[in-house]
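Participant: Here's a structure for you.
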Amino acid sequence: MAEKQRRTRGARESVRAVVDSGAVELVPDPDRPRAWTLLLDGAPQSHVDLDDPTWLEFEYIRRLGHIVDLCAPARQPMHALHLGGGALSLPRYLAATRPRSRQQVVEIDARLIAFVREHLPLEKTAQVRIRNGDAREVAAKAPDAVFDLAVVDAYGGSRVPAHLTSVEFVQEIARTLRPDGVYTANLADGGRLDFVRAQIATVEAAFPHVLMISDPAVLRGRRFGNVIVAASRRELPVPELTRRTAADPFPGRVQHGEALDDFTGGAAVVVDTTAASSPMPPPRIFDKR
């Protein structure tokens, strides 16, 4: 399926293939001998270090990692649902930091799954089951109250599909979580952040405790970027999450409570009949890679 990896004088070369969702490429990390960045149609999707799965290169994945670290006692196994697979950066991290965790990954692109399995194989001890299918359809078949963590990081190209943005979808995921389970989502927006504001209002309609993490420049509308949302029926670890996020190489800001209410500004809850995909990233946003 993919071009064979070639080595010239010890150097690694990119691996390319065509998968169901577009042209995929694995680019070697020049600073880490067994690390790779996965790109889809030129857009960075995942970074994986096969020698050190706890290394989280992308800032949004690092923030999700902080949530994983803080939502249960250290090294306690978890039952996790990942909607969207990519190169499985977060499932690898969770398997390394919480041994014996059971994880279900749902990825709509079957050829991408095969590509990742071939070139970025999981550790044999990782209890990660990968299922091909639509995120919402698979979640609808899951039992009630079985997962400790749900991670929604599913993109069609560079956009969150519309059917994964409604309150009906969020409520479906909430149904699968245990009473103290944590819901997380990776969103992308820019400018006025109208999409993110509506998504916060939508998640708040399903969970009593919600927070948001992002780069201050994104929150001010100065650039397009990722926004992480976390929610639960229990209180979230806001103080520690704030400290960790502020100490990151690219410091982020945590907003919750009244500040988050001010941010949403009365945005309407998204329902299936009004749902729309997330905005398209600006042209050439990934050219700096």
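Participant: When the range 30-52 is examined, which residues are found to be within 20 Å of GLU123 (Cα to Cα) and assigned to a loop (DSSP other than H, G, I, E, B)?
Facilitator: ARG32, PRO33, ARG34, LEU50, ASP51, ASP52
Participant: Here's another thing I want to ask about it. For the range 16-42, what are the residues that are over 20 Å from the mean Cα position of the chain (by Cα) and under 19 Å from PRO281 (Cα atoms)?
Facilitator: If the condition is that a residue be over 20 Å from the mean Cα position of the chain (by Cα) and under 19 Å from PRO281 (Cα atoms), then ALA23 is the only one that fits.
Participant: Something else about it: At least 1 residues that are of a type in the set (Asp, Glu) and either out of contact with any Lys or Arg (no Cβ under 8 Å at 6 or more places or on another chain) or surrounded by fewer than 17 Cβ atoms within 10 Å (Cβ to Cβ) (or both) in each: list the helices (runs of 4 or more DSSP H) lying fully within the range 210-289 that qualify.
Facilitator: In the range 210-289, 238-246, 257-264 are the helices (runs of 4 or more DSSP H) which contain 1 or more residues that are of a type in the set (Asp, Glu) and either out of contact with any Lys or Arg (no Cβ under 8 Å at 6 or more places or on another chain) or surrounded by fewer than 17 Cβ atoms within 10 Å (Cβ to Cβ) (or both).
Participant: Another one. Is it the case, given these coordinates, that TYR183 is buried (at least 24 other Cβ atoms within 10 Å of the Cβ) and either touching a residue at least 12 places away in the same chain (Cβ under 8 Å) or closer than 18 Å to SER278 by Cβ (or both)?
Facilitator: In short, yes.
Here is a yes/no grid of residues against (1) aliphatic (A, V, I, L, M); (2) out of contact with any Phe, Trp or Tyr (no Cβ under 7 Å at 6 or more places or on another chain); (3) open to solvent by less than 50 Å² (accessible area, probe 1.4 Å):
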{"site": "LYS141", "(1), (2), (3)": "no, yes, no"}
{"site": "ASP144", "(1), (2), (3)": "no, yes, no"}
{"site": "PHE147", "(1), (2), (3)": "no, yes, yes"}
{"site": "ASP153", "(1), (2), (3)": "no, yes, yes"}
{"site": "SER158", "(1), (2), (3)": "no, yes, yes"}
{"site": "LEU164", "(1), (2), (3)": "yes, yes, yes"}
{"site": "LEU177", "(1), (2), (3)": "yes, no, yes"}
{"site": "GLY191", "(1), (2), (3)": "no, yes, yes"}
{"site": "ALA201", "(1), (2), (3)": "yes, yes, yes"}
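Participant: Among residues belonging to the range 1-21 that are modelled with pLDDT of 50 or more and over 13 Å from ILE113 (Cα atoms), point out the one that is most open to solvent (accessible area, probe 1.4 Å).
Facilitator: My answer is ARG16.
Participant: Can you say whether GLU123 is under 27 Å from VAL15 (Cβ atoms) and either at pLDDT 95 or above or open to solvent by less than 30 Å² (accessible area, probe 1.4 Å) (or both), as far as the supplied structure shows?
Facilitator: For GLU123, the condition - under 27 Å from VAL15 (Cβ atoms) and either at pLDDT 95 or above or open to solvent by less than 30 Å² (accessible area, probe 1.4 Å) (or both) - is not met.
Participant: Quick one: how many residues across the range 26-38 are closer than 17 Å to GLU59 by Cβ and open to solvent by less than 50 Å² (accessible area, probe 1.4 Å)?
Facilitator: Total meeting the criteria: 4.
Participant: Between THR184, THR202, THR273, which is touching a strand residue (DSSP E or B) at 6+ places or on another chain (Cβ under 7 Å) and modelled with pLDDT of 95 or more?
Facilitator: None of the other options fit; the residue is THR184.
Participant: Sort through LEU56, LEU81 and tell me the only one that's outside any helix (DSSP H, G or I), of a type in the set (A, V, I, L, M, F, W, C) and open to solvent by 10 Å² or more (accessible area, probe 1.4 Å).
Facilitator: Checking each option against the conditions leaves just LEU56.
Participant: State whether the residues of the range 88-95 include one that is outside any loop (DSSP other than H, G, I, E, B), small (Gly, Ala, Ser) and open to solvent by 20 Å² or more (accessible area, probe 1.4 Å).
Facilitator: yes
The values are calculated or read from the model by the stated rules, or taken from the named source; none is laboratory data. Values in this document were obtained by computation on a predicted structure and should not be read as measured data. Neighbour counts run over all protein chains shown; Cβ positions are idealised from the backbone, glycine included. Areas reflect the complete protein model, heavy atoms only, side chains present, ligands, DNA and RNA absent. Shrake-Rupley method; radii C 1.70, N 1.55, O 1.52, S 1.80 Å.
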